[in-house]
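> First, the structure itself, so that you have it in front of you.
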Amino acid sequence: MRRSAEPDHPGNQQAPPWWHRAVFYQVYVRSFADASGDGVGDLDGIRSRLGYLELLGVDGLWLTPFYASPMADHGYDVADPRAVDPLFGDLDAFDRLVADAHARGIKITVDVVPNHVSDRHRWFQEALAAGPGSAERARFFFRDGRGDGPPNNWTSVFGGPAWTRVPDGQWYLHLFAPEQPDLNWDNSEVRADLVTTLRFWLDRGVDGFRIDVAHGMAKPAGLPDMPEYLRVVHGAHGHGPDDPRFDNDEVHEVHRLIRKVTDEYPGSMAVGEIWVQTDDRFARYVRPDELHLGFNFALVGADFDADAVRRAIDLSLAAVSRSPAPPTWTLSNHDVPRHVSRYGGGDVGARRARAMALVELALPGVVYLYNGEELGLPSVDLPDWALQDPIWERSGHTERGRDGARVPLPWEGSAPPFAFTEGESTWLPIPPEWAGLTVEAQLEDPESMLSLYRQALELRKTHPGFEGTGLEWYGAPPGCFAYRRKGGGLICALNTSGAPVPLPPGEILLSSGPIEGTDLPPETSVWLV
Ligand code: GLC
């Protein structure tokens with residue numbers, strides 16, 4: 001059955017699902033708000049700020065992992081996927097959060113991490129104890145080495161070999177940190193356990209899931225070596241067809257399994273984190289019996305350049321054009337530098353980020369915001385002593401990792417910790433210069449980034465110009481573009497050319513910066529009807 005209605009097609013009477021044009025807000029749980037005073041964000045902290053999220057105008061939250069974990073990868077190393085880590089609260093706190101969010105009309109979606117578990121997970125401990133050839137080891141990839149070396153030449157996404165040796169001489173596979181052993185998806189217990197986890201959270205009222213490393217899981221028979229040239233490339237991004245570690249065809253069986261479970265809970269959904277190189281490969285993840293949505297990271301990879309952004313938009317639209325899934329749009333998340341910094345930082349970066357926010361929020365489909373982007377937070381150059389991302393250690397201190405994009409949010413006041421916590425310090429230091437970027441300061445300022453996001457979200461939700469699922473491009477001067485929403489008629493124009501250009505005809509609904517006269521200034525975007 002087709003789940004997503006197509007408002008552009010008259011005669012399709014099925015009501016569209018709640019997520020088909022939703023704006024999701026990614027809560028990086030460690031960094032959003034801390035109620036317990038230990039300097040790390042938690043579930044009660046999120047609950048205490050639901051009023052803010054309602055004011056901002058988002059439809060749903062994606063919570064990063066808050067499950068029992070030794071935190072080797074800040075929760076993406078899950079020791080028990082059906083328990084809340086005491087650092088973040090407990091199941092009662094989770095239930096309170098779901099109830100209060102729902103009372104405000106905000107949906108809750110949660111991360112699931114099917115590719116790997118923590119080395120502290122009961123299964124891995126049992127596997128270590130049980131020894132070679134055991135059923136316990138068959139839930140993972142334990143292999144004998146080649147001579148004294150590992151079973152193959154695969155590298156970890158975080159740097160270094162993807163294999164670690166255990167005392168009896170065997171090696172186990174971990175595509176990420178050694179504390180994150182990969183699960184063997186040919187194993188029926190592994191599959192059954194994911195179903196149990198999904199039902200567990202759905203029964204507690206969650207509205208959907210974000211599937212971590214959705215292009216992982218399946219491994220090719222015989223675990224063949226990877227091409228030598230790929231071994232020097234770190235990072236989870238853009239895995240091509242010749243990378244045997246990712247995007248193997250059998251992964252789609254996992255997504256069909258996930259879909260079967262969500263279909264038992266009408267209205268629930270799943271979005272996959274999919275880093276693949278071609279649209280064809282991407283499209284396979286959002287076939288009618290697989291994931292409802294796939295993260296498309298094309299905008300993350302595009303510079304502030306009209307041609308590059310337009311290409312990213314076209315690619316993202318093409319990737320889902322033959323699937324029931326709407327496109328998704330993301331400028332930032334917890335794995336990449338924040339876009340204010342990617343676009344050049346400082347005032348220039350902020351101006352460009354404002355312009356791109358309107359470009360993104362005018363697009364048809366689903367938007368994922370990353371907490372703090374609505375405040376215009378930049379990535380932070382943290383001192384060495386503060387760095388915690390496993391990438392920093394694993395790369396031999398050559399790559400600083402992702403902590404700079406994960407600094408806790410500034411809420412109120414004039415000095416750190418800016419009411420993020422009642423405690424003294426925060427798990428990553430918040431720069432004192434963020435005093436002007438607090439929620440409190442920005443709520444009062446009609447020109448702030450936060451005010452821009454609030455207005456844009458309100459218009460996106462209520463204005464008829466945003467209706468329909470298609471868009472068409474207008475001719476535009478070099479370094480600029482303009483597109484029009486096919487259904488509702490909203491026009492969005494962007495100027496990255498460095499000089500003013502004439503505004504397209506129409507009445508201005510919202511602009512990312514001041515507009516005087518009939519020109520669109522550089523580094524500015526505008527909505528017109
Ligand atoms: C995903 C997550 C990232 C994590 C990795 C391993 O890419 O977004 O934060 O480190 O998976 O679970």
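> Check off (1) modelled with pLDDT under 95; (2) open to solvent by 10 Å² or more (accessible area, probe 1.4 Å); (3) in a loop (DSSP other than H, G, I, E, B) for D243 and give me the number that stays unchecked.
So the condition that D243 fails would be (2).
> For P504, which of the numbered conditions (1) assigned to a loop (DSSP other than H, G, I, E, B); (2) open to solvent by less than 50 Å² (accessible area, probe 1.4 Å); (3) more than 16 Å from A362 (Cα to Cα) fails to hold?
(3)
> How do the strands (runs of 3 or more DSSP E) wholly within the range 158-232 filter down when requiring 3 or more residues that are open to solvent by less than 20 Å² (accessible area, probe 1.4 Å): which remain?
208-211
> Also, I was wondering about something else. Assess whether P288 counts as being modelled with pLDDT of 95 or more and either surrounded by fewer than 14 Cβ atoms within 10 Å (Cβ to Cβ) or over 21 Å from the mean Cα position of the chain (by Cα) (or both).
Answer is yes for this residue.
Yes/no matrix, rows are residues, columns are (1) within 16 Å of the ligand (Cβ to nearest atom); (2) more than 23 Å from D111 (Cα to Cα); (3) touching a Ser or Thr at 6+ places or on another chain (Cβ under 9 Å):
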position: P288; (1), (2), (3): no, no, yes
position: D305; (1), (2), (3): no, yes, yes
position: V309; (1), (2), (3): no, yes, yes
position: D314; (1), (2), (3): no, yes, no
position: A318; (1), (2), (3): no, yes, no
position: T330; (1), (2), (3): yes, no, no
position: D347; (1), (2), (3): no, yes, no
position: R351; (1), (2), (3): no, yes, yes
position: A357; (1), (2), (3): no, yes, yes
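> Let me ask something additional. Consider A476 against the criteria (1) under 26 Å from the mean Cα position of the chain (by Cα); (2) crowded, with 19+ Cβ neighbours inside 10 Å; (3) touching a residue at least 24 places away in the same chain (Cβ under 8 Å): it satisfies all of them except one. Which criterion is unmet?
Looking at each condition in turn, A476 falls short on (1).
> Restricting to the range 57-100, name every residue that is outside any strand (DSSP E or B), crowded, with 22+ Cβ neighbours inside 10 Å, of a type in the set (G, A, S) and touching a Gly at 6+ places or on another chain (Cβ under 8 Å).
Result: S69, single match.
> Residues being within 16 Å of the ligand (Cβ to nearest atom) and either of a type in the set (D, E, K, R) or within 21 Å of D182 (Cα to Cα) (or both): count how many of those fall in the range 81-124.
15
> A further question on this structure: Quick one: count up the residues across the range 12-31 that are open to solvent by less than 30 Å² (accessible area, probe 1.4 Å) and not in a strand (DSSP E or B).
Of the residues in that region, 7 qualify.
> Please name all residue pairs, on different chains or six or more residues apart, with Cβ atoms under 9 Å, provided the first residue is in the range 144-171 and is closer than 16 Å to F246 by Cβ and the second residue is among the hydroxyl-bearing types (S, T, Y) and open to solvent by less than 20 Å² (accessible area, probe 1.4 Å).
Here the result reads F158/S395; A162/T155; A162/S156, each pair linking the range 144-171 to a residue that is among the hydroxyl-bearing types (S, T, Y) and open to solvent by less than 20 Å² (accessible area, probe 1.4 Å).
> Now, a different point. Does at least one position in the range 466-475 carry a residue that is assigned to a helix (DSSP H, G or I), touching a helix residue (DSSP H, G or I) at 6+ places or on another chain (Cβ under 6 Å) and under 26 Å from G57 (Cβ atoms)?
There is at least one residue in the range 466-475 that is assigned to a helix (DSSP H, G or I), touching a helix residue (DSSP H, G or I) at 6+ places or on another chain (Cβ under 6 Å) and under 26 Å from G57 (Cβ atoms).
> Let me ask another. Can you tell me which of G489, G498, G517 is open to solvent by less than 20 Å² (accessible area, probe 1.4 Å) and in a loop (DSSP other than H, G, I, E, B)?
Going through G489, G498, G517 in turn, the sole match is G489.
> Then there's this: Taking L494, is it touching a residue at least 12 places away in the same chain (Cβ under 8 Å) and over 30 Å from H20 (Cβ atoms)?
no
> In this structure, is E189 away from the ligand (no atom under 16 Å from the Cβ), farther than 18 Å from E273 by Cα and in contact (Cβ under 8 Å) with a residue 12 or more places away in the chain?
yes
> Considering the range 380-400 alone, what residues qualify as being buried (at least 21 other Cβ atoms within 10 Å of the Cβ) and out of contact with any Gly (no Cβ under 6 Å at 6 or more places or on another chain)?
P390
> Of all residues in the range 32-51 being open to solvent by less than 20 Å² (accessible area, probe 1.4 Å) and in a helix (DSSP H, G or I), which is farthest from D389 (Cα to Cα)?
Among those that are open to solvent by less than 20 Å² (accessible area, probe 1.4 Å) and in a helix (DSSP H, G or I), it is L50.
> Which one is surrounded by the most Cβ atoms within 10 Å (Cβ to Cβ), of the residues in the range 443-471 that are modelled with pLDDT of 95 or more and over 20 Å from I508 (Cβ atoms)?
Restricting to residues being modelled with pLDDT of 95 or more and over 20 Å from I508 (Cβ atoms), the top hit is L450.
> Quick check: is even one residue across the range 127-139 within 16 Å of the ligand (Cβ to nearest atom) and either closer than 30 Å to L97 by Cβ or within 28 Å of the chain's Cα centre (by Cα) (or both)?
The answer is no; no qualifying residue exists.
> Mind listing whichever residues of the range 389-429 are of a type in the set (V, I, T) and over 19 Å from V439 (Cβ atoms)?
Passing the criteria: I391, T398.
> Now a separate question. Answer yes if at least one residue in the range 337-350 is assigned to a loop (DSSP other than H, G, I, E, B), open to solvent by 10 Å² or more (accessible area, probe 1.4 Å) and touching a residue at least 60 places away in the same chain (Cβ under 8 Å), and no otherwise.
Yes: the range 337-350 contains one or more residues that are assigned to a loop (DSSP other than H, G, I, E, B), open to solvent by 10 Å² or more (accessible area, probe 1.4 Å) and touching a residue at least 60 places away in the same chain (Cβ under 8 Å).
The values are calculated or read from the model by the stated rules, or taken from the named source; none is laboratory data. Everything quoted here is computed from the prediction, not taken from an experiment. Reconstructed Cβ throughout: ideal geometry from the backbone, glycine too, with neighbour counts over all protein chains shown. Ligands, DNA and RNA are stripped out before the accessible areas are found, and what is left, the full protein with its side chains, is counted by its heavy atoms. Shrake-Rupley method; radii C 1.70, N 1.55, O 1.52, S 1.80 Å.
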